[in-house]
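Participant: Take this structure first; my questions come after.
The values are calculated or read from the model by the stated rules, or taken from the named source; none is laboratory data. Keep in mind it's a predicted model, so treat the numbers as computed, not measured. In this analysis, Cβ positions are derived from the backbone assuming ideal geometry, glycine residues included, and neighbour counts consider all displayed protein chains. Areas reflect the complete protein model, heavy atoms only, side chains present, ligands, DNA and RNA absent. Shrake-Rupley method; radii C 1.70, N 1.55, O 1.52, S 1.80 Å.
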Amino acid sequence: LHNLDAISGFQAVRRQHQTPQQQQQQQQQQQQQQAAGPSSRVVPPPKDEEWQLARRVVAEALQQLPPQAYLPPDLVGYEPDTPQTEQFARLMAELAVDEPGVRALWLYGPGGLGKTTLALRLYNTLRSSFPHAAMMDLEFNLEGSKQDELRSQLKCALEKLRLPTDGSRAELLQRLADFVRHNKVLLLLDNINHDQQLNDLLPSVSSSGSRIIITSRTKELPSSRSYQALARSTQLVHAMPVVLSTAASKALLRSHHGLSEQHLDALGLSQLEGDVLQACGGWPLALQVIGGALFYEDEVCYSAGGAVDEQQPTTQITQQWKVCVRW
């Protein structure tokens, strides 16, 4: 959709997935066209002014579409009457769009707990109520060797806000800050973990009904002047995503390792699954990683036993105890 030339690429992919009967039928049609002569062939129009206009119309139409973050249609844990759904409803009420002033949500917790998933779900639900919206993934640091990633994220956010994307890093940051200050914006900043990140990206806060969603592994950044401004001039809500229930954890794990309960019982692996569920403690990323490993590997090392430290990164949890099992 972003480029009309992509139609040829789509056609190439379509040919790869055609059945032998479809390929044979297409070859027969091409042979018939060749036998009938050039007059029967469909000649593509030249890339004239009308063609260029069509490209501009498509590009402009795409800009009118609300930017939606991709999420799987069947998120495990967000079924009716689950802790995740109840928390989502509470946070939506906190971010009520019909209230004046600026509201900010600070989702905190260790990596792998589901902060980004919850933030994206809130963002997608709120998006249609705002004239402007943008999101940035800031898993990298603003300093050091990651300037290309920062510039790419800034340009993407500015494009969504229909702002110019040329200029230096400082100019791009200032352009974003000025726009957020004077407009009603839905802004998602994912993985804010340092004072400098927040100070650069959100130097000031508007008073025009904006909603700001921030995810961080840190519960607060009291030394950040931008954090202080958020806490002082907005309704700042702190929340940690709730862990998955046992039933949801089991469903997520099985969706990745691909074995049913009958298969687990037949192979004598029910105890292994129980140990994994206990060790992961309802953390989505740990369940996905270990479930994927059980699906792809012949021999698996997984974490088992012991209490889960809520501040311990998921990667450390999955490596805490190494119990090798022949799968």
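Participant: Given the structure, is A96 modelled with pLDDT of 70 or more and under 30 Å from G291 (Cβ atoms)?
Facilitator: In short, no.
Participant: Identify the single condition in (1) assigned to a helix (DSSP H, G or I); (2) at pLDDT 80 or above; (3) farther than 24 Å from M92 by Cβ; (4) more than 19 Å from the chain's Cα centre (by Cα) that S152 does not satisfy, given that it satisfies every other one.
Facilitator: (4)
Participant: Might you let me know whether the range 176-195 holds any residue that is open to solvent by 60 Å² or more (accessible area, probe 1.4 Å), over 25 Å from A239 (Cβ atoms) and assigned to a helix (DSSP H, G or I)?
Facilitator: yes
Participant: I've got another one for you. In the range 194-220, how many are of a type outside the set (S, T, Y), closer than 20 Å to L122 by Cα and in contact with a Lys or Arg (Cβ under 7 Å, 6 or more places away or on another chain)?
Facilitator: The number of residues fulfilling the criteria is 2.
Participant: Now, a different point. Being open to solvent by 30 Å² or more (accessible area, probe 1.4 Å) and not small (G, A, S) is the filter here; which residues of the range 87-101 pass it?
Facilitator: R90, M92, E94, V97, D98, E99, P100
Participant: Shifting gears a bit: Give the residues of the range 184-198 that are within 14 Å of the chain's Cα centre (by Cα) and among the polar types (S, T, N, Q), sorted by residue number.
Facilitator: Residue satisfying the conditions is N191 alone.
Participant: Oh, and also: Show the residue pairs meeting these rules: Cβ distance below 7 Å; 6+ apart or different chains; first residue within the range 150-162 and closer than 16 Å to V185 by Cβ; second residue at pLDDT 85 or above and part of a helix (DSSP H, G or I).
Facilitator: Going by the 7 Å Cβ cut-off, the qualifying pairs are L154/L172; L154/L173; L154/L176; A157/L176; L158/L172; L158/R175; L158/L176; L161/F179.
Participant: So which of P80, P45 is at pLDDT below 75 and open to solvent by 70 Å² or more (accessible area, probe 1.4 Å)?
Facilitator: When all the criteria are applied, what remains is P45.
Participant: Only residues that are modelled with pLDDT under 80 and open to solvent by 20 Å² or more (accessible area, probe 1.4 Å): list them for the range 272-304, please.
Facilitator: Matches in the range 272-304: A293, F295, Y296, E297, D298, E299, C301.
Participant: Can you tell me which residues in the range 238-260 are touching a residue at least 24 places away in the same chain (Cβ under 8 Å), of a type in the set (G, A, S), surrounded by fewer than 19 Cβ atoms within 10 Å (Cβ to Cβ) and not in a loop (DSSP other than H, G, I, E, B)?
Facilitator: A239, A251, S255
Participant: Another question about this same structure. Anything in the range 116-140 that is within 11 Å of the chain's Cα centre (by Cα) and either closer than 21 Å to R162 by Cα or of a type in the set (A, V, I, L, M, F, W, C) (or both)? List them, or say none.
Facilitator: L118, A119, L120, Y123, N124, M135, M136, D137
Participant: Has the range 263-271 got any residue that is at pLDDT 80 or above, open to solvent by less than 70 Å² (accessible area, probe 1.4 Å) and part of a helix (DSSP H, G or I)?
Facilitator: Scanning the range 263-271, I find at least one residue that is at pLDDT 80 or above, open to solvent by less than 70 Å² (accessible area, probe 1.4 Å) and part of a helix (DSSP H, G or I), so the answer is yes.
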